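Contents: one structure, followed by commentary.
A short reminder: the numbers here are calculations on the coordinates, not readings from a lab. None of the values given here were measured: they were computed from a predicted structure. Positions of Cβ are backbone-derived with ideal geometry, glycine not excepted, and every protein chain shown enters the neighbour counts.
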Amino acid sequence: MINGIRGMNDILPSESGAWRYLEAQLRAVADAYGYVEIRTPILERTELFLRGIGEATDIVEKEMYTFNDRNGDSLTMRPEGTAGTVRAAIEHGLLHNQEQRLWYMGPVFRYERPQKGRYRQFHQFGVEAFGLEGPDIDAEVILMTARLWQNLGLQDHVTLHLNSLGANEARQKYREQLVDYFRAHYQALDEDSRRRLETNPLRILDSKVPEMQEVIAGAPSILDALDTESARHFAELQSILNDAGIEFVVNPRLVRGLDYYNRTVFEWMTDSLGAQGTVCGGGRYDGLVHMLGGKSVPAVGFGLGMERVVLLLEALSLVDEHYLTPVDAYLIVAGAEPEAHKLVIAEKIRNLCPELRLRLHCGGGGFKRQMKRADKLGARVALIVGEDEWRSGCVSVKFMDGTRPQQTFAYETLPEILKSIPCG
Ligand code: HAM
């Protein structure tokens, strides 16, 4: 027996309904805001992530799946979607004097310690808006996520955390202040934070180590160090969100785990999932396009962890019923003639009811056994063709919940009879 790889999950038939539900909702929200899908490869040159995400981040330091292909080129399985999207947008000239509002969905890979809500292959839905620098577009991508929570029924289970990292020069100054502060409290730092003091001091603010919380609480706030333009941008963003009725917490310790951000950063968090409580994170990254070889183009976006949202939907029983039952109708045949023609009968019904999810019974067996199958699958109706129905060119319809008596209909009336049955 060869097992799957730790931290890389199979999505089984019992779970795929919840996934399809979430995917349909994500596509619908992206469509509602006029965003367009982009699909990029899973493999990219390693260099893209080294430059894009930053050499001193956890992802690049220890989480990438990197290997040499047969040519000796170093390739990496994408650990996130932004760098590849930027690469493709530059390469295909999508950013020449035009804005782009894009979305994507697919697997990403990080070599992290697996636990509930944290995997080595997981799936992100992401949105990236290019060419717009005002806070209106930051607000739009946040409103998009808020609408998603509303549509999924998760609005009371997530909280929006918001911060601004300011412009690069101001952040550099803040970084120096922070290093001075933590140097003065060196004894209070754990080993990881001492290392980060040299490489990525802002990330110390994100430490979850309980003994570190006091010293972190005393650190200078990045919001006191913002440049004037970024402070105005942040104030405007908050004003739009207030106007739109979106609640948020300003969290000056929110720094995010990737290096490309400036100004707005945000995360949606939940306390219904244990330690892995961030369901969605993003922000502005005005320097990335230029850093990866394009012109200077402002950009903002987010990535949403689909496993975490599926976990929430399942825990709260919020998956739409339609997606939990794979079939609407089960076709049962009895007798030699119907049995001999059952595929043609099924095709005829599918022609008449193209939306109906119809499973045909195969493998023989008596009427009772066939009904049992229909029941087990959760079909709303059993469609029955026995010798009588066959001779008279009709179908009997049995509503499995027993709310209506079994009745026989002409094929042509099936669409009308079955229109109350949910369609796929
Ligand atoms: P990120 O915060 O690294 O951002 O990842 C986005 C989301 O992916 C997280 O909020 C979390 O829900 C989920 N996630 C991260 N790691 C794991 C894991 N090991 N297992 C399961 N889910 C996980 C980004 O990736 C940025 N590219 C987001 C972005 C787009 N910023 C601007 N545009």
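Once the Cβ-Cβ distance between A235 and H341 is put in as r, and R0 is 60 Å, what FRET efficiency do you end up with, to the nearest 0.05?
Details: r = 72 Å, r/R0 = 1.20.
Taking R0 as 60 Å, the efficiency between A235 and H341 is 0.25.
Give the residue from H233, G52, S396 lying farthest towards the positive end of the charge dipole for the chain; charges sit on Cβ (+1 for Lys and Arg, -1 for Asp and Glu) and the dipole is referred to the Cα centre.
Comparing the listed Cα positions along the dipole, S396 ranks first.
Could you state the per residue volume, in Å³, of the convex hull enclosing the Cα atoms of the chain?
On the way: hull volume 85.5 nm³, N = 424.
Looking at the chain, the number lands at 202 Å³ per residue.
What is the sum of charges, Lys and Arg at +1 and Asp and Glu at -1, for the other residues whose Cβ falls under 15 Å from the Cβ of A170?
That works out to 0.
Taking 8 Å as the Cα distance limit and 6 or more residues as the minimum spacing, I'd like the relative contact order of the chain as a percentage.
Working: 715 pairs, mean separation 67.6, N = 424.
Once normalised by length, the contact order is 16 percent.
Quick one: check the C-alpha center-to-center distance for the stretch 346-421 versus the stretch 226-283, whole angstrom.
Rounded to whole Å, the Cα centres lie 52 Å apart.
Give the calculated FRET efficiency between R369 and E169 to the nearest 0.05, with a Förster radius of 60 Å applied to their Cβ-Cβ distance. Don't jump to the answer; show the numbers that get you there.
Working: r = 75 Å, r/R0 = 1.25.
FRET efficiency, R369 to E169: 0.20.
Once both labels are modelled 7 Å past Cα along the beta-carbon direction, what's the D180-R70 spacing in nm?
5.8 nm
For T199, what charge total do you get from the other residues with a beta carbon under 12 Å from its beta carbon, if Lys and Arg give +1 and Asp and Glu give -1?
-1
If each DSSP helix of 4+ residues adds -39,500 (n - 2.57) and the sum is divided by the residues in the chain, what number results at 222 nm, nearest 500 deg cm²/dmol?
Values: 16 runs with 158 residues, N = 424.
Calculated mean residue ellipticity at 222 nm is -11000 deg cm²/dmol.
Based only on other Cβ atoms within 10 Å, what is the fewest-to-most ordering of S221, S230, S420?
Going from least to most buried by this count: S420, S221, S230.
Span-like helices, the chain: DSSP H, alpha-carbon axial extent 18 Å or more, mean Kyte-Doolittle -1.0 or greater, which ones? Display every interim value, and only then the final one.
Values: long enough: 13-32 (29 Å, -0.40); 135-152 (26 Å, 0.27); 168-184 (24 Å, -1.56); 228-243 (22 Å, -0.56).
Those that clear 18 Å and a mean of -1.0 are 13-32, 135-152, 228-243.
Measure off 7 Å from each Cα along the Cα-to-Cβ vector at E387 and D206, then give the distance between these two points in nanometres to one decimal.
Each label point is offset 7 Å from its Cα along the Cβ direction, giving 7.3 nm.
Evaluate E = 1/(1 + (r/R0)^6) for I2 and K116, where r is the Cβ-Cβ distance and R0 equals 30 Å; express this FRET efficiency to the nearest 0.05. Intermediate values should be presented prior to the final figure.
Numbers: r = 25 Å, r/R0 = 0.83.
So the FRET efficiency works out to roughly 0.75.
Net charge near D320: determine it from the other residues with C-beta under 13 Å of the C-beta of D320, scoring Lys and Arg +1 and Asp and Glu -1. Numbers along the way, then the final one.
Numbers: positive: R20; negative: E23, E314, E321.
Taking every other residue near D320 into account, the sum is -2.
Compare the Cα positions of T85, G218, A244 along the charge dipole of the chain (+1 at Cβ of Lys, Arg; -1 at Cβ of Asp, Glu; about the Cα centre) and return the one farthest towards the positive end.
The one lying farthest along the dipole's positive direction is T85.
In the stretch 1-149, if the dipole is taken from +1 on Lys/Arg beta carbons and -1 on Asp/Glu beta carbons about the Cα centre, which of F125, M1, I42 is farthest to the positive end?
Checking the options against the dipole of the stretch 1-149, the answer is M1.
If you place +1 on the Cβ of every Lys and Arg, -1 on the Cβ of every Asp and Glu, and leave all else neutral, what size is the dipole of the chain about its Cα centre, to the nearest 20 Debye? Before the final figure, lay out each step's value.
Working: 48 positive and 59 negative charges, 269 e Å.
That gives the chain a dipole magnitude of about 1300 debye.
Below 8 Å, C-alpha to C-alpha, sequence gap of six or more: please give me the relative contact order for the stretch 222-368 in percent.
Values: 137 pairs, mean separation 20.0, N = 147.
With pairs under 8 Å counted, the relative contact order is 14 percent.
On a straight-distance basis, which lysines could pair with K173 in a cross-link, Cα separation under 29 angstrom, same-chain partners fewer than 8 positions away excluded?
K62, K208, K295
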